[in-house]
């Protein structure tokens, strides 16, 4: 019986590795394509993907399409390329707005800060250092990243982070979901007074070289972030990041 159990465990591990390697080498794939590439029956592919998704190794894109997630060690491997791409753009945003600018990516259920630039305004909001992490949904960058997440994966992240949100004032999973919905409606996130009192952040979802999704955010004292200042900051961010979506009136 022990040998049978061990053989079954080894077989399950092998199937999981085959599927994970296929996604890492081939990019996003449907379940049908994964079955074809790996030779694993579709029902088994679905079962393995459920486990890999629960453990953050893959993420569901839409319907039956999946992609490998980005573990922290892979973020470290590619950090130089991403920072090389975004840093000049972030520097111009910081110069034009006067505010601090952050680049973040998803690692597990957290946002990981890959880079930041400091503006010229005397009061700079340096909420997190480079390499710092916080639960997705706490800041503007995290909300922007969550706004693009498939429904099932989003619900799982909010559930796992629910207790952590209690460390950030009045923040809770219901409020994070509302911030996400507002982000989806506007095309950018607006988050204030949770991680730091008296602070407001704006976040934009974007992509870079070899990057799944990342977020660029700007933070400033809330009294600097009037409605018109927010619109101007977003206009600048989109211009520098080559995002040309219309702003709300």
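The values are calculated or read from the model by the stated rules, or taken from the named source; none is laboratory data. Everything quoted here is computed from the prediction, not taken from an experiment. Glycine also receives a Cβ, built like all others from the backbone with ideal geometry; neighbour counts cover every protein chain displayed.
Quick notes on this one:
- Counting the residues of region 80-109 that are part of a strand (DSSP E or B) and either out of contact with any strand residue (DSSP E or B) (no Cβ under 9 Å at 6 or more places or on another chain) or free of Cβ contacts under 8 Å to residues at least 24 places away in the same chain (or both) gives 0.
- Among the residues listed as 198, 203, 208, 187, the single one being over 30 Å from residue 24 (Cβ atoms) and either at pLDDT below 90 or in contact with a helix residue (DSSP H, G or I) (Cβ under 7 Å, 6 or more places away or on another chain) (or both): 198
- Pair list, Cβ under 8 Å, 6 or more apart: region 58-76 residue surrounded by 14 or more Cβ atoms within 10 Å (Cβ to Cβ), other residue in a strand (DSSP E or B) and at pLDDT below 75: 67/61
- Among the candidates 154, 146, 171, 114, residue that is outside the structural domain of residue 49 (by TED's automatic domain parsing), modelled with pLDDT of 95 or more and crowded, with 18+ Cβ neighbours inside 10 Å: 146
- When region 7-55 is filtered for residues that are at positive phi and at pLDDT 90 or above, only 39 remains.
- When residues of region 117-143 are limited to those that are over 21 Å from residue 223 (Cα atoms) and in contact with a helix residue (DSSP H, G or I) (Cβ under 6 Å, 6 or more places away or on another chain), the one surrounded by the most Cβ atoms within 10 Å (Cβ to Cβ): 137
- Looking across region 220-249, the residues that are at pLDDT below 95 and touching a strand residue (DSSP E or B) at 6+ places or on another chain (Cβ under 6 Å) come down to 222, 225, 241.
- Options 130, 123; residue that is in the same structural domain as residue 96 (by TED's automatic domain parsing), at pLDDT below 90, over 19 Å from residue 83 (Cβ atoms) and in a loop (DSSP other than H, G, I, E, B): 123
Conditions tested, residue by residue: (1) assigned to a loop (DSSP other than H, G, I, E, B); (2) surrounded by fewer than 18 Cβ atoms within 10 Å (Cβ to Cβ); (3) out of contact with any strand residue (DSSP E or B) (no Cβ under 9 Å at 6 or more places or on another chain).
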{"residue": "158", "(1), (2), (3)": "no, no, yes"}
{"residue": "162", "(1), (2), (3)": "no, yes, yes"}
{"residue": "194", "(1), (2), (3)": "yes, no, yes"}
{"residue": "218", "(1), (2), (3)": "no, no, no"}
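- Candidate set from region 172-192 (those that are under 28 Å from residue 235 (Cα atoms) and part of a loop (DSSP other than H, G, I, E, B)); member that is nearest to the chain's Cα centre (by Cα): 188
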